[in-house]
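Below is one structure, written out as structure tokens; comments come after it.
Nothing in this text is a laboratory measurement; each read-out follows from the coordinates by a stated rule. Just so we're clear, the structure is a prediction, and the values are computed from it rather than from any experiment. For neighbour counting, all protein chains shown are included, and Cβ atoms are generated from backbone atoms with ideal geometry for every residue, glycine included.
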Amino acid sequence: MKKTIIVWGLLLFASSILTGCKNHGTEKMINGVQYFYTSKVTETELYELADALKIWGFEVTSEDEGKTVQLNKTGNTYEIRAVIKKGLEMDDEFCNMAKKIAKYVSHNVFDDAYIEFHLCDEHLETVRVLLMSDY
């Protein structure tokens, strides 16, 4: 679990940058994490995601700069978009942890729905997509 916290602790918080950019949806602060959710998902789904991510150590601690996540849905596919530190999209250990989290969320939160995990830059622009077919 400590390893999970360290990995998630590497995620960046870019509130000032994100605030000035395009609309990412409705914003909620949950467990110190900046969450956005689009009109394609419900607030309840967002809170369920936040609860599941907290189990994996995804919350802001005093050592963190913060974290940003967006939940969206395209058709039947949920998109979990997380701002990450530049370069982590190429880190196999980090990507494997993200895949495990996505699988857990799919099974325990979204009734085995298909999930794409988007690793994003500070503008919530995708730098890498982890597809369920990869895990």
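If I ask for residues that are without any contact (Cβ under 8 Å) to a residue 40 or more places away in the chain and crowded, with 17+ Cβ neighbours inside 10 Å, which ones from region 92-113 would you list? Steps first, please.
Let us first name the residues in region 92-113 that are without any contact (Cβ under 8 Å) to a residue 40 or more places away in the chain, namely 92, 95-96, 98-100, 102-103, 106-107, 111-113.
Listed by number, the residues that qualify are 95, 98, 99, 102, 106.
So which of 96, 72 is over 20 Å from residue 45 (Cβ atoms) and of a type outside the set (Phe, Trp, Tyr)?
96
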